[in-house]
Amino acid sequence: MGSTGAFDEIWGHGGPEAPRAAFAALSQWIADTPPEELQRRQHSAEAAFRQLGITFAVYGDSDAAERIIPFDIVPRMFLQPEWEKLSEGLVQRVEAINAFLEDIYGARRILDEGIVPPELILHNEQFRPEVAGIRPPHGVWAHICGIDLVRTGPDEFYVLEDNARTPSGVSYMLENREAMIRLCPELFRDFRVAPVDSYPDMLLETMRSVAPLGRARPVCVVLTPGHFNSAYYEHSFLADSMGVELVEAADLVVDDDIVYMETIAGRVRVDVIYRRIDDDFLDPLVFRPDSLLGVPGLIAAYRAGNVALLNAPGNGIADDKAIYSYMPEIVRFYSGGEAKLPNVETWRCREPQALKYVLDHLPELVVKLVDGSGGYGMLVGPTATKEQIETFRAALIAEPHRYIAQPTLALSTVPTLTEKGLAPRHVDFRPFVLTGSDKVRVVPGGLTRVALREGSLVVNSSQGGGTKDSFVLLGDAA
């Protein structure tokens with residue numbers, strides 16, 4: 001296995017001959033399993049994914065507009081003490097995000113006290129004045145969060161992004177685990193791995209818990225924009241796993257501020273909608289009038305308190321990367337304590353001194369659009385061409401408020417099966433956090449994304465990255 005100089009989560013800095021003590025058994029499994037057998041199992045998993053139709057759109061790739069997300073057979077592992085520490089930080093952060101959303105669409109204390117500049121909220125395209133003053137059922141805004149984490153050492157974890165709109169990837173977490181249990185059962189004999197297959201039940205429990213008051217047997221649905229959406233498989237998978245209806249806009253109607261589902265047996269009242277449609281397209285009477293994906297009158301029903309929407313409209317402001325840069329202050333403001341999961345150091349290019357630093361150090365930094373996602377609109381300075389750097393320099397000078405910059409971190413690696421054998425590849429991690437009216441639940445696992453190109457730091461599936469199963473170990477590692 002080659003070396004990247006980064007911390008490897010299985011082998012540390014010592015390589016396969018001197019693995020981290022807790023993962024000696026996994027290291028031995030990798031060594032004892034012939035490369036051709038690992039390849040066979042990996043190909044078997046990918047064949048199953050293709051048969052199931054687990055695809056993702058790789059936008060801009062003319063050769064493969066729809067393809068499976070590559071899967072890697074070598075799992076990533078978290079020790080129980082690591083996971084407990086991460087869980088505490090995730091709960092704290094998601095509780096702060098919910099408090100922040102409740103505040104900025106309500107009393108706006110955080111703006112009055114000068115913690116966050118008002119213009120960063122009120123002039124932000126992701127801020128939705130249309131929902132100001134609405135309090136969602138039970139006061140929960142961010143029911144489903146995917147918090148992207150990166151690691152640089154044994155005890156160094158950082159939050160890279162907050163995803164509080166419609167975070168995707170949970171179906172791949174579940175299918176990856178299913179494949180590993182089938183193809184590598186010996187690992188589950190050697191390690192006590194926390195199960196993740198209860199996620200659909202946890203999600204359904206969360207949905208039912210936030211139903212409008214007085215609805216003893218709430219009807220829940222998943223609202224999809226349709227099968228042309230890149231994450232349609234996930235929408236269908238989750239609806240089927242929860243035993244609820246998968247609906248499109250044409251299946252719903254609002255009458256007297258109540259949402260109904262049209263069925264062959266007549267109308268059925270809908271109480272909770274897990275919507276996988278962006279705010280802009282959710283209700284043509286409130287947002288984009290040309291939307292054919294939304295439900296006319298849905299926001300009126302929501303405002304009347306007759307339906308719960310997961311996640312709440314307006315959550316995009318919590319995804320904004322300029323707001324992300326204030327998350328340590330936001331966590332402190334609402335929790336009264338320091339953030340247990342730190343941010344990556346961030347320069348806000350809207351600030352003159354920060355802009356000057358970024359322009360002087362572009363070849364060393366990662367620059368991102370504040371409202372970007374999927375790895376698009378991003379500069380990775382150390383791997384960028386001179387032309388790309390100069391293009392970004394011009395964009396930064398023209399519209400500095402649209403960008404943030406961060407140092408190029410030495411992201412941790414995990415051994416990954418490549419065409420040339422095992423090699424270190426950089427990873428990030430998206431755990432999923434569910435917030436209901438009763439409690440916050442952290443799923444004991446998550447989606448590990450892996451940059452399959454040698455040296456690449458871009459792990460996004462939409463940019464050609466792959467995935468691994470993520471084991472959370474119970475008790476001792478072996």
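Residues of segment 273-306 that are closer than 23 Å to residue 106 by Cβ, open to solvent by less than 10 Å² (accessible area, probe 1.4 Å) and part of a loop (DSSP other than H, G, I, E, B): 282, 283.
Output the residue which, of all residues in segment 109-121 that are more than 16 Å from residue 96 (Cβ to Cβ) and free of Cβ contacts under 8 Å to residues at least 24 places away in the same chain, is least open to solvent (accessible area, probe 1.4 Å). The extreme case among them is 117. When restricted to residues that are part of a loop (DSSP other than H, G, I, E, B), open to solvent by 20 Å² or more (accessible area, probe 1.4 Å) and farther than 23 Å from residue 404 by Cβ, segment 122-167 contains 5. Out of all the residues in segment 46-65, is one or more exposed (fewer than 13 other Cβ atoms within 10 Å of the Cβ), modelled with pLDDT under 95 and among the basic types (Lys, Arg)? Within segment 46-65, one or more residues are exposed (fewer than 13 other Cβ atoms within 10 Å of the Cβ), modelled with pLDDT under 95 and among the basic types (Lys, Arg).
On the stretch given as segment 243-252, residues that are among the hydrophobic types (A, V, I, L, M, F, W, C), touching a residue at least 24 places away in the same chain (Cβ under 8 Å) and open to solvent by 40 Å² or more (accessible area, probe 1.4 Å) total 1.
Mind checking which residues of segment 26-44 are surrounded by 14 or more Cβ atoms within 10 Å (Cβ to Cβ) and within 27 Å of residue 410 (Cβ to Cβ)? Matches in segment 26-44: 26, 27, 28, 29, 30, 38, 42.
Being surrounded by fewer than 19 Cβ atoms within 10 Å (Cβ to Cβ), in contact with a strand residue (DSSP E or B) (Cβ under 9 Å, 6 or more places away or on another chain), over 18 Å from residue 319 (Cα atoms) and not hydroxyl-bearing (Ser, Thr, Tyr): is that true of residue 419 here? Here the answer is no, as residue 419 does not meet what is asked. Only one entry in 240, 257 is at pLDDT 95 or above, open to solvent by 50 Å² or more (accessible area, probe 1.4 Å) and closer than 22 Å to residue 173 by Cβ, namely 240. For segment 170-213, a tally of residues being open to solvent by 20 Å² or more (accessible area, probe 1.4 Å) and of a type in the set (Ser, Thr, Tyr) returns 2. Can you tell me which residue in segment 1-10 is surrounded by the fewest Cβ atoms within 10 Å (Cβ to Cβ), limited to those that are of a type outside the set (A, V, I, L, M) and at pLDDT below 90? Out of the qualifying residues, it is 5. The residue pairs whose first member lies in segment 146-167 and is closer than 14 Å to residue 87 by Cα, whose second member is aromatic (Phe, Trp, Tyr) and in a strand (DSSP E or B), and whose beta carbons are closer than 6 Å, counting only pairs six or more residues apart or on different chains, are 146/432; 149/157; 149/429.
Of the residues in segment 313-329, at least one is without any contact (Cβ under 8 Å) to a residue 24 or more places away in the chain and open to solvent by 10 Å² or more (accessible area, probe 1.4 Å). Of the residues 106, 133, the single one that is at pLDDT 95 or above and of a type in the set (Gly, Ala, Ser) is 106.
The values are calculated or read from the model by the stated rules, or taken from the named source; none is laboratory data. Please read all numbers here as calculations on a predicted model, not as lab measurements. FYI the Cβ positions are ideal-geometry reconstructions off the backbone, even for glycines, and counts take in every protein chain you see. Surface accessibility is based on the protein's heavy atoms, side chains included, excluding ligands, DNA and RNA. Shrake-Rupley method; radii C 1.70, N 1.55, O 1.52, S 1.80 Å.
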